[in-house]
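Right, one structure below, let's go through it.
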Amino acid sequence: MSKTKEIIPAAAAATTLSLSAEEFHRLKKVPDAVEWLENLANARTRRVYEKHVSEFARLLALEHPDQFREVTRAHVIAYRKRMEALGNAPATIRAKLSALSSLFDYLCEQNSITHNPVKGVKRPRANNNEGKTPAISDGQARRLLHAPSADTLKGKRDRAMVATFLYQMLRREELCTLRVGDLHQRRGTPYLRVHGKGGRLRNIVAHPVVVERIYEYLEEAGHGSEKKGPLFRPVKNNVTGRLDKGLHPDSVDGILRPYAATAGIDLDAFSAHALRATGATNALEHQADIAKVQEDLGHANVSTTRLYDRRKSRPEDAATLKISY
């Protein structure tokens, strides 16, 4: 008796499709990882996931797509232990395992493998109390808002960018994918249409400071009528000479860091993402509903929003500063 007949009872076997055992168990050729990557809507996610999966493949010396079929849970556990030994942060390990799981889920959907070996592998616990991204103080935020020049094209662009980060709480990529027409009105109120993670759109009420600065920038830049064109663009391009493309997310921190230095912000702890945390904290300090903050940040879960709340870490509220002898 074949192994197939031993596993499948006679009654069940009679109701299965008319496939031979060989045909039933034969899997398609494992598709190229490019197919999986192309199904990821977010460009940044594609880059990060490709990096993580490539690292896994190098560790296991996987040189051909078909070899992914041979990966077991034991391989994934060994990968996790390797990351732990290298001192990877818990959040980094979770991100890498998520990337790997995404690939194997796709291969399962394509009937290229029978199961996802990442399923069931324990992942490090998340720190649900506070994220690692620092927020800057309100005073630093005010200085940063006024650090770029109001008299030059670059300065007007950067003033609009800083305001958009601090008041609209966007991610870098969300800011860079804004189109001119994404600043629009609904029932007389200005909104920003934001292209978020996973292709999800959200409309956020635009702060008056953001609206004013964007209009000042567009008047100087001259592309305000190009509704489908990128909103924030380079002011010079030494490579191709083209100025009609949007800024690249990787360039944003480099643009903002000189202003942060002028504002007296510690550059070791500064990034555009810190401005996102700053805006969220400021909104919560001024009695904003955390559900509304979650909605504007584009978080699927309110627990993620709580990671951006820095109200408990305000140094001026420290118990040590309340001591007086």
*In the range 81-111, which residues are within 21 Å of Arg46 (Cα to Cα), more than 21 Å from the chain's Cα centre (by Cα), surrounded by fewer than 20 Cβ atoms within 10 Å (Cβ to Cβ) and in contact (Cβ under 8 Å) with a residue 40 or more places away in the chain?*
Gln110
*Where Pro234 falls short, out of the listed (1) under 17 Å from Leu170 (Cβ atoms); (2) surrounded by 16 or more Cβ atoms within 10 Å (Cβ to Cβ); (3) under 24 Å from the mean Cα position of the chain (by Cα)*: (1)
*Can you confirm whether the range 46-53 contains a residue that is buried (at least 16 other Cβ atoms within 10 Å of the Cβ) and at pLDDT 85 or above?*
yes
*asked:* Whether any residue in the range 176-186 is under 27 Å from Ile136 (Cα atoms) and outside any loop (DSSP other than H, G, I, E, B) is what I want to check.
replied: yes
*Tell me, which residue of the range 179-198 that is under 23 Å from Asp244 (Cα atoms) and not hydrophobic (A, V, I, L, M, F, W, C) is surrounded by the most Cβ atoms within 10 Å (Cβ to Cβ)?*
Asp182
*Within the range 253-271, which residues are surrounded by fewer than 21 Cβ atoms within 10 Å (Cβ to Cβ) and assigned to a helix (DSSP H, G or I)?*
Asp253, Gly254, Ile255, Arg257, Pro258, Ala261, Thr262, Leu267, Asp268, Ala269
*Give the range 189-225 a look and list any residue that's basic (Lys, Arg) and under 19 Å from Ala150 (Cβ atoms), or say none.*
Arg213
*Please name all residue pairs, on different chains or six or more residues apart, with Cβ atoms under 8 Å, provided the first residue is in the range 232-260 and is aromatic (Phe, Trp, Tyr) and the second residue is at pLDDT 85 or above and not in a loop (DSSP other than H, G, I, E, B).*
Phe232/Arg157; Phe232/Ala160; Phe232/Met161; Phe232/Leu175; Phe232/Cys176; Tyr259/Leu144; Tyr259/Asp158; Tyr259/Val162
*Going through the range 273-296 one residue at a time, which ones are among the small types (Gly, Ala, Ser), crowded, with 21+ Cβ neighbours inside 10 Å and in contact with a helix residue (DSSP H, G or I) (Cβ under 6 Å, 6 or more places away or on another chain)?*
Gly279, Ala280
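The values are calculated or read from the model by the stated rules, or taken from the named source; none is laboratory data. Every value quoted in this text rests on a predicted model; they were computed, and no experiment measured them. All Cβ positions, even for glycine, are placed from backbone atoms using ideal geometry, and neighbour counts span all protein chains on display.
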